[in-house]
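In what follows, a single structure is set out as structure tokens and then discussed.
Computed from the coordinates by the stated procedures, all read-outs in this text should not be read as laboratory data. From a predicted model like this one, the values you see are computed outputs, not experimental measurements. Reconstructed Cβ throughout: ideal geometry from the backbone, glycine too, with neighbour counts over all protein chains shown.
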């Protein structure tokens, strides 16, 4: 039980681990845990768009893909040019003491190998989570967000993900709650 308790405390570090690329974007912030949450929802959605996928495997990869960052920190594209991170060691050490560690390791390994349809979907979910965040910042005025979105779009693997990302790119991030610009916003009256 000690190792399980320690594992769960380690997972909590993801709440405190910032995604570091935003310092180059010039605006925005997000923890690794926040990114993982959105990645899970995107992965779930992509699975619903393609019923041939093993949803459990996709969701496990979405859940665990950035877990090693509790130990390594988030390495953005600039950092990766100069810093070598031993993710395999981090994965081995964080999973070796828990009885379900091999399950976590298998999900991370599958994600990193990019060989299965499920891994490609999980990778696409990871990129679409980023695209959503960038679209929000772009809609709020960050002039670099669109260029970053274009690079993320090029990293997508599957037709469904590309179609979804294209729709996201053309949708104002506030449409879900501010689409109906009517009398309610003046008077607050329920319909």
Connecting every pair of Cα atoms under 10 Å apart in the chain and solving the GNM, the largest mean-square fluctuation among 147, 110, 118 falls on 147
For the stretch 15-84, what relative contact order do you get, as a whole percent, if you take Cα pairs closer than 8 Å and at least 6 residues apart? 39
Helix 32-49 axis, angle to the chain major axis (alpha carbon atoms, nearest 10°): 80
Between 0 and 90°, nearest 10: helix 145-154 axis offset from the chain longest Cα axis: 50
So what's the convex hull volume per residue for the Cα atoms of the stretch 1-97, in Å³? 122
Candidates 82, 44, 144, ranked by Gaussian network fluctuation over the chain, Cα under 10 Å, top entry: 82
Could you tell me the distance between the Cα centroids of the stretch 25-103 and the stretch 148-189, to the nearest Å? 24
Ranked 57, 38, criterion: other C-beta atoms within 10 Å, fewest first: 38, 57
Going by alpha carbons, how many degrees (0 to 90, nearest 10) lie between the helix axis of 159-169 and the longest principal axis of the chain? 50
For the stretch 2-187, just the Cα atoms, rotate onto the principal axes and tell me the three extents in Å, largest first. 58, 38, 37
For the chain, what is the mean residue ellipticity at 222 nm derived from helices alone (per DSSP H run of n ≥ 4: -39500 (n - 2.57); sum divided by total residues; nearest 500 deg cm²/dmol)? -20000 deg cm²/dmol
Most fluctuating residue given options 105, 60, 143, as computed from a GNM of the chain linking Cα atoms under 10 Å: 143
